[in-house]
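Where a number appears in this text, it was derived from the coordinates with a stated rule and is not lab data. Keep in mind the model is a prediction, meaning the values are calculated, not measured. Here Cβ is always computed from backbone atoms with ideal geometry, including for glycine, and neighbour counts include all displayed protein chains.
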Amino acid sequence: MFQSNLLKDKVILITGGGTGLGKSMALGFSKLGAKLVLCGRREDMLKEVSHEIKKGGGEVFYKTCDVRKMDEVEALINAAFEHFGKIDGLINNAAGNFLCPTEYLSPNGFDAVVKIVLYGSFNCTQALGKQWIERGVGGRILNMCTTYAWTGSAFVVPSVCAKAGVLAMTRSLAVEWGKYNIRLNAIAPGPFPTEQAWANLMPPGFEQKMMHKNPTQRTGKHEELVNLATYLMSDGAGYINGDCITIDGGEWLQGAGEFNGLLDLTAEDWMNMKIKAEANRKK
Ligand code: HXC
Ligand code: NAP
C-alpha cells in the first residue's frame, strides 16, 4: 500500500523492538527503506530481529537498554547518533503489564509497570527531544497507547495510569515542541495477538469474550497496525500532531454505547418490539 522508498534513510528508534508489535514495525519499516535502532533488555531477541532485517538488505543498530534508566537511554541515543549520524523518529513501544486485582498489588508491582511505560516513554522522549532541539533538527514520536487510557479498565490499573500519562504527555509536548518541528502522536490498538500479551493478559476463554464485543469479531493483524504506524512516521503525515488514532475494529465504542447490548436481539425480538411500540402509539 506504500511506495517502496517511503521511509528511505529515515532512522527510527523502536523501544522493545525485539518482540511483538515492535518487531513487526521494525521489519515493516525496514522494507520501506528505514534504518532501525532497536533496544530492549534481552539481547538475544534484538539480535534475532537484526539478523532478519539484515537478511532482507536493511540496516540496523541495536543495543540493550532498560528504558527505566535515564543513563542507559542517553547511552543508547548517543550510540545511535554515532552509528547513523541522525535519528528521525522514535516509537515508545516498550511495555510491561499483568492482570491483578488492585487490592492485591504490591508497591513494586505498580512501580514495575509504571516505570517501564510512563517513565520509560518520558526518558526516551526527553533524551531524544533535547538532542533534536540542540541540533536544530525536527523529529517525530509515536507512542503506543491503549483505548483504556481514556475508558479505564479493571485489573490493569498500573498500565491504565501509565498509558493515560503517556497520552497526556503526547498531547502536551505536541504543543510545547511544535515550534521545534517535533511532532508527537499516539496509537491506541485493540487486541493484537503477541506472545507476551496473550501469555500475560488472556485467561482461558477471554479471547472469545473479547471477540464477541468487537464489531469486526476478530483481533487485529500486525500489518494493519504497521500500516498506520508507517503513515504516522512518514513525511506525508506532517500536519498530524498531538492525536491518538484508535485501531481496534470499533471495540471500545461497542463497549461504550448505551444500547449496543441490543446487538444480541434477534429479528423476532425486533418484530415483537415493533408490534409493542405500534400498540403503544395507538393508545
Ligand atoms: C501481581 C506481579 C505480577 C502479577 C509481577 N508482579 N507480575 N504482581 N501479579 N502477575 C510484581 C512482582 O511480584 C514484583 O513485586 C513486581 O511486580 C516486579 O516484578 P519483577 O518480575 O521483578 O519485575 P520486572 O522483571 O521488572 O517486570 C515484571 C513485568 C514484566 C512488568 C510483569 O515481566 C512484563 O511486563 N511482562 C509481560 C509483558 C507484557 O505483558 N507485554 C504485553 C503488553 S500489551 P514484589 O512486591 O513481589 O517485589 C499491553 C496492552 C494490552 O500492555 C491491551 C489489551 C490486549
Ligand atoms: P511485548 O511483545 O511484550 O513487547 C514489549 C517489549 O518491551 C519487549 O520487547 C520488551 O523486551 C520491552 N521492554 C519491556 N520492559 C523494558 C524495559 N524496561 N526497557 C526496555 N525494553 C523493555 O508487547 P506487545 O504486545 O508487542 O506490545 C507492544 C506495545 O503495544 C506496548 O506498548 C503495548 O502496551 C501496546 N499494546 C499492545 C496491545 C496488544 O494487543 N498486543 C494492545 C494495546 C497496546 P525486554 O523484555 O527484552 O526488555
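Overview of values
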| item | result |
| --- | --- |
| Residue count, segment 160-187 (criterion: closer than 12 Å to Gly242 by Cβ and either more than 16 Å from the chain's Cα centre (by Cα) or outside any helix (DSSP H, G or I) (or both)) | 12 |
| When residues of segment 112-130 are limited to those that are of a type outside the set (Val, Ile, Thr), closer than 23 Å to Thr102 by Cα and surrounded by fewer than 24 Cβ atoms within 10 Å (Cβ to Cβ), the one farthest from the chain's Cα centre (by Cα) | Ala112 |
| Per-region count, segment 208-228, residues within 13 Å of ligand 1 (Cβ to nearest atom), assigned to a helix (DSSP H, G or I) and surrounded by 14 or more Cβ atoms within 10 Å (Cβ to Cβ) | 3 |
| Residue match in segment 79-89 (condition: more than 22 Å from Tyr180 (Cα to Cα), in contact (Cβ under 8 Å) with a residue 40 or more places away in the chain and away from ligand 2 (no atom under 16 Å from the Cβ)) | yes |
| Pair list, Cβ < 8 Å and 6+ apart or interchain, from segment 97-118 residues that are farther than 20 Å from Cys145 by Cβ and of a type in the set (A, V, I, L, M, F, W, C) to residues that are part of a helix (DSSP H, G or I) and within 16 Å of ligand 2 (Cβ to nearest atom) | Cys100/Gly109; Leu105/Val157; Leu105/Pro158 |
| Residue within segment 142-159 that is closer than 23 Å to Ala197 by Cβ, polar (S, T, N, Q), within 15 Å of ligand 1 (Cβ to nearest atom) and part of a helix (DSSP H, G or I) present | yes |
| In segment 17-35, residue farthest from ligand 1 (Cβ to nearest atom) [restricted to those that are within 22 Å of Lys86 (Cβ to Cβ) and within 17 Å of the chain's Cα centre (by Cα)] | Phe29 |
| Residue that is surrounded by the most Cβ atoms within 10 Å (Cβ to Cβ) [pool: residues in segment 50-105 that are over 24 Å from Met233 (Cα atoms) and among the hydroxyl-bearing types (Ser, Thr, Tyr)] | Thr102 |
| Matching entry among Ile133, Ile182 (being crowded, with 17+ Cβ neighbours inside 10 Å and more than 16 Å from ligand 2 (Cβ to nearest atom)) | Ile182 |
| When residues of segment 1-36 are limited to those that are within 13 Å of ligand 2 (Cβ to nearest atom), of a type in the set (Val, Ile, Thr) and not in a loop (DSSP other than H, G, I, E, B), the one surrounded by the fewest Cβ atoms within 10 Å (Cβ to Cβ) | Thr15 |
| Single residue of segment 186-196 satisfying the filter (touching a Gly at 6+ places or on another chain (Cβ under 7 Å) and not β-branched (Val, Ile, Thr)) that is surrounded by the fewest Cβ atoms within 10 Å (Cβ to Cβ) | Glu195 |
